[in-house]
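Participant: The structure is given below, and queries will be raised subsequently.
The values are calculated or read from the model by the stated rules, or taken from the named source; none is laboratory data. On a predicted model such as this, the values are computed, not experimentally measured, just so you know. Glycine gets a Cβ as well: all are built from the backbone with ideal geometry, and neighbour counts include every protein chain shown.
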Amino acid sequence: MSLLKNKIVFISGASSGIGMACARAFAREGAKVILAARRRERIEKLALELKEAFTTESKILSFDIQNYQEIKESFASLPEEWKNVDILINSAGLAQGMHKLQEGNPDDWDVMINTNIKGLLYLTREILPNMVKRESGHIINLGSTAGHDVYPSGNVYCATKFAVNAISQSLRIDVLDKSIKVSSVDPGMVETEFSVVRFSGDVERAKKVYAGVDPLTPQDVADAILYCATRPKHVNINEIILTPVAQAQSNFVVRKTT
């Protein structure tokens, strides 16, 4: 029997990319999933897909992760038995804009800080107390290689991912005596909607980010997250850094030329 059978897995950012890939990966293993995202129609469609493919039980929560009150109200709406989350995957995150700091848009900064840092904190704060009470649970944060080394014009986005790195490390200390696992999975280049969002819907510009590179897929990252979640009870994976073969770190990428 799968280690994840009937475990309750809460996935933020489940409407696309890595979050959606995680929903499929964990449902395949028999987990019950709570699909959280702002775009309700997408997670409703995903819930139906998981039900048909894996007979998965799921709940849908639609909220803006930047709004703590919305998170609190959404989580409170869950049936009591669904509030005992076994695994929280903090997958929601984004980049907005790519400018030198002196040319940056403070509105973009607010969105990145409110989503990537505060949203992660808000959701963790809401779910963690039940884990502490039960002395059981696992929090998996989606970080980035940008949380280990910076790149040109990545200033605020990189800062938010450095923050995720620090939060993951300090959180593990905070819950060390509660038998709660904390992991960080930090990918390099992954082809998702990430660059389209960063460049405000400019698909052609987004394609250039991955030109000449065989990037990671959302499924590759979901596999790493699944690995963290399926280790024996006494094993915690603190951190996984994964990149395409052609990428050494944020600033070192080899591109094929045609």
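Residue by residue, here is whether (1) modelled with pLDDT of 95 or more; (2) on the phi < 0 side of the Ramachandran plot; (3) among the polar types (S, T, N, Q); (4) touching a strand residue (DSSP E or B) at 6+ places or on another chain (Cβ under 8 Å) holds:
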site	(1), (2), (3), (4)
Ser2	no, yes, yes, no
Gly13	yes, no, no, yes
Ala21	yes, yes, no, no
Arg28	yes, yes, no, no
Val33	yes, yes, no, yes
Ser58	yes, yes, yes, yes
Glu81	no, yes, no, no
Asn116	yes, yes, yes, no
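Participant: For the stretch 173-214, enumerate the residues that are in contact (Cβ under 8 Å) with a residue 60 or more places away in the chain and among the hydrophobic types (A, V, I, L, M, F, W, C).
Facilitator: Met189, Val190, Phe194, Val197, Phe199
Participant: Testing Asp110 on (1) among the acidic types (Asp, Glu); (2) closer than 17 Å to Ala36 by Cβ; (3) surrounded by fewer than 19 Cβ atoms within 10 Å (Cβ to Cβ), one condition comes back false. Which one is that?
Facilitator: (2)
Participant: Could I ask something else about it? Mind checking which residues of the stretch 8-44 are touching a Gly at 6+ places or on another chain (Cβ under 8 Å), not hydroxyl-bearing (Ser, Thr, Tyr) and not in a helix (DSSP H, G or I)?
Facilitator: Ile11, Gly13, Ala36, Ala37
Participant: OK, next. Out of Tyr210, Tyr227, report the one residue that is modelled with pLDDT of 90 or more, of a type in the set (Phe, Trp, Tyr) and out of contact with any Leu (no Cβ under 6 Å at 6 or more places or on another chain). Let's see the steps before the verdict.
Facilitator: Values: Tyr210 fails: modelled with pLDDT of 90 or more.
It is Tyr227.
Participant: I've got another one for you. Hey, could you check the stretch 156-206 for residues that are under 21 Å from Ala224 (Cα atoms) and basic (Lys, Arg) and say which is surrounded by the fewest Cβ atoms within 10 Å (Cβ to Cβ)?
Facilitator: Arg172
Participant: Let me ask another. Could you give every pair whose Cβ atoms fall below 6 Å, whose first residue belongs to the stretch 138-160 and is closer than 30 Å to Asn84 by Cβ, and whose second residue is basic (Lys, Arg) and crowded, with 21+ Cβ neighbours inside 10 Å, counting only separations of at least 6 or pairs across chains?
Facilitator: Final answer for the pair search is His138/Lys181; Gly143/Lys161; Ser144/Lys161; Gly147/Lys161.
Participant: Considering only residues that are surrounded by 17 or more Cβ atoms within 10 Å (Cβ to Cβ) and either at pLDDT below 95 or more than 23 Å from Leu171 (Cβ to Cβ) (or both), which ones fall in the stretch 61-79?
Facilitator: Across the stretch 61-79, the qualifying residue is only Ser62.
Participant: Sticking with this structure for a sec: What number of residues in the stretch 248-258 are part of a strand (DSSP E or B) and in contact with a helix residue (DSSP H, G or I) (Cβ under 8 Å, 6 or more places away or on another chain)?
Facilitator: Total satisfying the criteria: 1.
Participant: Just to be sure I understand, how many residues within the stretch 99-141 are among the hydrophobic types (A, V, I, L, M, F, W, C) and part of a strand (DSSP E or B)?
Facilitator: Residues meeting the conditions: 2.
Participant: Separate question: Could you tell me whether any residue of the stretch 169-177 is in contact with a Gly (Cβ under 8 Å, 6 or more places away or on another chain), polar (S, T, N, Q), within 30 Å of Ser195 (Cβ to Cβ) and modelled with pLDDT of 95 or more?
Facilitator: No, there is no match, as no residue in the stretch 169-177 is in contact with a Gly (Cβ under 8 Å, 6 or more places away or on another chain), polar (S, T, N, Q), within 30 Å of Ser195 (Cβ to Cβ) and modelled with pLDDT of 95 or more.
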